[in-house]
Amino acid sequence: MSILSVQSHVAYGHVGNRSAVFPLELLGFEVWPINTVQFSNHTGYGTWTGQVFTPGHIDEIWKGILDLGAQGDCEAVLSGYLGAAGIGESILRALADVRAAQPRAVYCCDPVMGDYGRGVFVREGILDFLRDRAVPRADIVTPNQFEAELLTGLGIRSLGDARTVAEALHRMGPPIVLITSFKAEDTRPGTISNLLSVEGQSYLVTSPELPLRPPPNGAGDLTAALFLGHYLRTQDPVEALELMTDSVFSVLEASLASGRRELALVASREAIMKPGRRFLAQAQTKKS
């Protein structure tokens, strides 16, 4: 079975599909990447070249896959950085085609919009599209803390706030919510967490926050891809959370050791293929 991944692409470095396709292939998946943009490098460098593709381009590439009759082989759709809201509509059309052939296909929506320190870095209309059109159709949504606040209009200052925001996202549609890069005022200093909410229960995984300055772009793309991949393999979101967290931490450790600002994906391939369980998920009670 295969995964359709519609995200950005860079020639240099690892963000978007360059951060998702290789790890998913290491987990044993066939991946069909459709690129929403093709840039020389990610925009965190401040300068880049390349172009944002049009919805018509995305539709044309997808039509070629449809013409092969391959859509029934698609197990999941993963979307990330859009470039323009119209591209999102192309993704939803592709999702409808996939689900017509494979009704149980999973849609994982990574609502890439911004982060603390950088603010919103996507075009006007993308927030509205994600909130009103994409997230309601998703089985899994993986916003970072900043994006979760944007989608819901609610602030996150504590673990309790994060759980309230996760519940608000559930009401929008997705049965599985993963809030990544979670740091609340009551978070233990020097740590960073991922909060998973599923079936009325939430789970927190916490790991050390490595001194990466600046943090490498693409970690959120990697997180969404690995969570989806492990979920498809195990059908257990909690196990997927633990395995993903271990691999992402290993990649960040290798990135720090490299002294470069790009994710050390190739150097971390063994940790991606064979993750451990260093960081265990803690079920959260209503009082926690």
Among residues of region 175-193 being surrounded by 16 or more Cβ atoms within 10 Å (Cβ to Cβ) and among the polar types (S, T, N, Q), the residue nearest to LEU226 (Cα to Cα) is THR180
Which of the residues that make up region 57-95 are surrounded by fewer than 21 Cβ atoms within 10 Å (Cβ to Cβ), among the aliphatic types (A, V, I, L, M), within 20 Å of the chain's Cα centre (by Cα) and at pLDDT 95 or above?
-> LEU92
Return yes when VAL251 is over 30 Å from THR43 (Cβ atoms) and part of a helix (DSSP H, G or I) and no when it is not.
-> no
Applying the selection to region 41-52, what residues are at pLDDT 95 or above and closer than 25 Å to LEU4 by Cα?
-> ASN41, GLY50
Sort out for me the helices (runs of 4 or more DSSP H) sitting completely within region 100-174 that have 1 or more residues that are surrounded by fewer than 18 Cβ atoms within 10 Å (Cβ to Cβ), β-branched (Val, Ile, Thr) and free of Cβ contacts under 8 Å to residues at least 40 places away in the same chain.
-> 159-172
Within region 265-273, is even one residue under 16 Å from GLY229 (Cα atoms) and free of Cβ contacts under 8 Å to residues at least 60 places away in the same chain?
-> yes
Note on LEU210: of the conditions (1) over 13 Å from the mean Cα position of the chain (by Cα); (2) without any contact (Cβ under 8 Å) to a residue 40 or more places away in the chain, unmet is (2)
Sort out which residues of region 9-24 are touching a residue at least 60 places away in the same chain (Cβ under 8 Å) and in contact with a helix residue (DSSP H, G or I) (Cβ under 7 Å, 6 or more places away or on another chain), and write them in order of number.
-> VAL15, GLY16, SER19, ALA20, PRO23, LEU24
State whether the residues of region 268-288 include one that is more than 25 Å from ALA184 (Cβ to Cβ), surrounded by 13 or more Cβ atoms within 10 Å (Cβ to Cβ) and of a type in the set (Val, Ile, Thr).
-> yes
Which of (1) assigned to a helix (DSSP H, G or I); (2) surrounded by 18 or more Cβ atoms within 10 Å (Cβ to Cβ) is the odd one out, the single condition LEU196 does not satisfy?
-> (1)
Exactly one of ALA84, ALA70 is under 22 Å from VAL135 (Cα atoms) and not basic (Lys, Arg), and that one is ALA84
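The values are calculated or read from the model by the stated rules, or taken from the named source; none is laboratory data. Treat the numbers as computed from the prediction; the structure is a model and nothing was measured. Note that we place each Cβ from the backbone using ideal geometry, even for glycine, and neighbour counts take in every protein chain shown.
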